[in-house]
Amino acid sequence: MDCQDVFRQISDYLDGDLDDELKRAIKAHACGCHHCEVVVDTTRKTIELYCDGRLFALPVPVRTRLHAVLQRRCRDRLA
Ligand SMILES: [Zn+2]
(Lines give C-alpha, C1' and ligand atoms only; values in the text may rest on other atoms or scores of the structure.)
Protein backbone atom coordinates (compact mmCIF):
# COMPACT_ATOMS: atom_id res chain seq x y z
CA MET A 1 0.00 0.00 0.00
CA ASP A 2 1.49 3.34 -1.04
CA CYS A 3 0.07 6.86 -1.51
CA GLN A 4 -1.11 6.06 -5.05
CA ASP A 5 -3.06 3.06 -3.75
CA VAL A 6 -4.67 5.21 -1.10
CA PHE A 7 -5.74 7.82 -3.67
CA ARG A 8 -7.15 5.12 -5.92
CA GLN A 9 -9.20 3.54 -3.14
CA ILE A 10 -10.16 6.59 -1.12
CA SER A 11 -13.74 7.02 -2.30
CA ASP A 12 -14.50 3.32 -1.82
CA TYR A 13 -12.76 3.50 1.54
CA LEU A 14 -14.91 6.40 2.71
CA ASP A 15 -18.03 4.78 1.27
CA GLY A 16 -17.22 1.71 3.31
CA ASP A 17 -17.18 -0.39 0.15
CA LEU A 18 -13.75 -1.92 0.73
CA ASP A 19 -13.11 -5.24 2.39
CA ASP A 20 -11.64 -5.19 5.86
CA GLU A 21 -8.15 -6.07 4.76
CA LEU A 22 -7.94 -3.07 2.40
CA LYS A 23 -9.51 -0.78 4.99
CA ARG A 24 -6.91 -1.87 7.52
CA ALA A 25 -4.11 -1.34 4.99
CA ILE A 26 -5.28 2.20 4.19
CA LYS A 27 -5.74 3.05 7.85
CA ALA A 28 -2.28 1.68 8.64
CA HIS A 29 -0.73 3.66 5.79
CA ALA A 30 -2.53 6.89 6.77
CA CYS A 31 -1.29 6.46 10.33
CA GLY A 32 2.31 6.55 9.21
CA CYS A 33 1.90 8.96 6.28
CA HIS A 34 0.86 12.47 7.24
CA HIS A 35 0.04 13.38 3.65
CA CYS A 36 -2.47 10.56 3.28
CA GLU A 37 -3.86 11.20 6.73
CA VAL A 38 -4.70 14.75 5.67
CA VAL A 39 -6.13 13.62 2.33
CA VAL A 40 -8.36 10.99 3.96
CA ASP A 41 -9.49 13.44 6.63
CA THR A 42 -10.18 16.29 4.20
CA THR A 43 -12.02 14.07 1.76
CA ARG A 44 -14.16 12.65 4.54
CA LYS A 45 -15.05 16.14 5.77
CA THR A 46 -15.91 17.25 2.25
CA ILE A 47 -18.25 14.29 1.87
CA GLU A 48 -19.83 14.99 5.25
CA LEU A 49 -20.42 18.62 4.29
CA TYR A 50 -21.92 17.52 1.01
CA CYS A 51 -24.23 15.10 2.79
CA ASP A 52 -25.19 17.75 5.33
CA GLY A 53 -25.97 20.10 2.48
CA ARG A 54 -28.44 17.64 1.09
CA LEU A 55 -30.33 17.77 4.37
CA PHE A 56 -31.12 21.38 3.61
CA ALA A 57 -32.83 20.41 0.38
CA LEU A 58 -36.23 20.40 1.99
CA PRO A 59 -38.73 17.69 1.19
CA VAL A 60 -41.53 19.00 -1.01
CA PRO A 61 -44.32 19.13 1.62
CA VAL A 62 -42.09 21.17 3.93
CA ARG A 63 -41.13 23.49 1.11
CA THR A 64 -44.75 23.96 0.11
CA ARG A 65 -45.72 24.79 3.68
CA LEU A 66 -42.78 27.14 4.03
CA HIS A 67 -43.74 28.95 0.83
CA ALA A 68 -47.31 29.30 2.07
CA VAL A 69 -46.11 30.81 5.34
CA LEU A 70 -43.74 33.18 3.56
CA GLN A 71 -46.43 34.29 1.13
CA ARG A 72 -48.83 34.95 3.98
CA ARG A 73 -46.17 36.93 5.82
CA CYS A 74 -45.51 39.01 2.71
CA ARG A 75 -49.21 39.69 2.18
CA ASP A 76 -49.63 40.64 5.86
CA ARG A 77 -46.76 43.06 5.60
CA LEU A 78 -48.10 44.63 2.41
CA ALA A 79 -51.62 44.92 3.77
ZN1 LIG B 1 0.72 8.14 1.83
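The values are calculated or read from the model by the stated rules, or taken from the named source; none is laboratory data. As the structure is a computational prediction, the values presented were derived from the model and not from experiment. Please note: Cβ atoms are built from the backbone with ideal geometry, for glycine as well, and neighbour counts cover all protein chains shown.
For segment 36-46, how many residues are exposed (fewer than 11 other Cβ atoms within 10 Å of the Cβ) and within 15 Å of the ligand (Cβ to nearest atom)?
Of the residues in segment 36-46, 1 are exposed (fewer than 11 other Cβ atoms within 10 Å of the Cβ) and within 15 Å of the ligand (Cβ to nearest atom).
Can you name every residue in segment 14-27 that is at pLDDT below 90 and under 13 Å from ARG44 (Cβ atoms)?
Kept after step one, since they are at pLDDT below 90, are these residues of segment 14-27: 14-17.
Of everything in segment 14-27, those that are at pLDDT below 90 and under 13 Å from ARG44 (Cβ atoms) turn out to be LEU14, ASP15, GLY16.
What residue, among those in segment 28-42 that are of a type outside the set (D, E, K, R) and more than 12 Å from PHE7 (Cα to Cα), is modelled with the lowest pLDDT? Give the derivation first.
First, the residues of segment 28-42 that are of a type outside the set (D, E, K, R): 28-36, 38-40, 42.
Subset that is more than 12 Å from PHE7 (Cα to Cα): 28, 31-34, 42.
Details: ALA28: 95, CYS31: 93, GLY32: 94, CYS33: 95, HIS34: 93, THR42: 87.
Checked segment 28-42; the qualifying residue modelled with the lowest pLDDT is THR42.
The conditions are (1) at pLDDT 80 or above; (2) part of a helix (DSSP H, G or I), and GLU48 fails exactly one of them. Which is it?
(1)
How many of the residues in segment 1-32 are among the aliphatic types (A, V, I, L, M), away from the ligand (no atom under 15 Å from the Cβ) and assigned to a helix (DSSP H, G or I)?
1
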